[in-house]
1. So if R0 is 25 Å, what FRET efficiency would residue 36 and residue 84 give, r being the distance between their Cβ atoms, rounded to the nearest 0.05?
2. Rounded to whole Hz and in sequence order, give me ³J(HN,Hα) for the stretch 59-75 from the Karplus expression 6.51 cos²θ - 1.76 cosθ + 1.60, θ = phi - 60°, writing x for Gly and Pro.
3. Regarding the stretch 28-70, what are the three Cα extents along the principal axes, ordered largest first, in Å?
4. For the stretch 84-136, with equal point scatterers placed on the C-alpha atoms only and solvent neglected, what are the log10 I(q)/I(0) values from the Debye formula at q = 0.26, 0.31 1/Å, to two decimals?
5. So, R0 is 22 Å and r is the distance between the beta-carbons of residue 135 and residue 29; what FRET efficiency does that work out to, to 0.05?
6. Ordered by residue, what ³J(HN,Hα) values in Hz, to whole numbers, does the stretch 125-136 give under the Karplus form 6.51 cos²θ - 1.76 cosθ + 1.60, where θ = phi - 60° and Gly and Pro are x?
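Throughout, read-outs are computed from the coordinates displayed, never taken from laboratory work. Only a predicted model underlies this, so the values are computations on that prediction, with no experimental measurement involved. In this analysis, Cβ positions are derived from the backbone assuming ideal geometry, glycine residues included, and neighbour counts consider all displayed protein chains.
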Amino acid sequence: MKRTLIVLITLGIMSLLFTNASAEENLVQSVANGCKVELEKYCGNVTPGDGRILACLYAHGDKLSPKCEYALYDAAVQLERAVAALSYIANECDEDLDRYCGAVAPGEGRLLDCLKKKGKQLTKRCKQALKDVGLK
């Protein structure tokens, strides 16, 4: 289960390239707080970046405290929700993304910003999807 959570977190963080950076920062901070002891004890000498910290936690998965496991689980759940919301928007706004945002490079929330800027021009499906996930 621990391995699955870490994989979900890694994939989820990658998917957050489509959302705002503050959401990613909040998740990272939540895991950092929940796994503070483990990060200091096992991963203190690991250079951050490219998933090395998560790999370190993964390598020491059998030694994680319940608090750290919960922080990882909670982050995974939040990321799963974010991925589901993004998938829903991508499905419902497919035509709008092609029509209005085809030249926009994905990442860092640019596609969502593009959709929001087009507001009234969007299809009803897309408007509803944005509303459903709290982005409108």
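1. E(calc), rounded to 0.05, equals 0.30.
2. 5, 10, x, 6, 10, 6, 6, x, 4, 5, 4, 5, 4, 5, 4, 4, 4
3. For the stretch 28-70, the Cα spread along each principal axis is 25, 21, 14 Å.
4. -1.05, -1.50
5. Plugging the Cβ-Cβ distance into 1/(1 + (r/R0)^6) gives 0.50.
6. Computed from phi, the couplings for the stretch 125-136 are 4, 5, 4, 5, 4, 4, 5, 4, 9, x, 9, 9 Hz.
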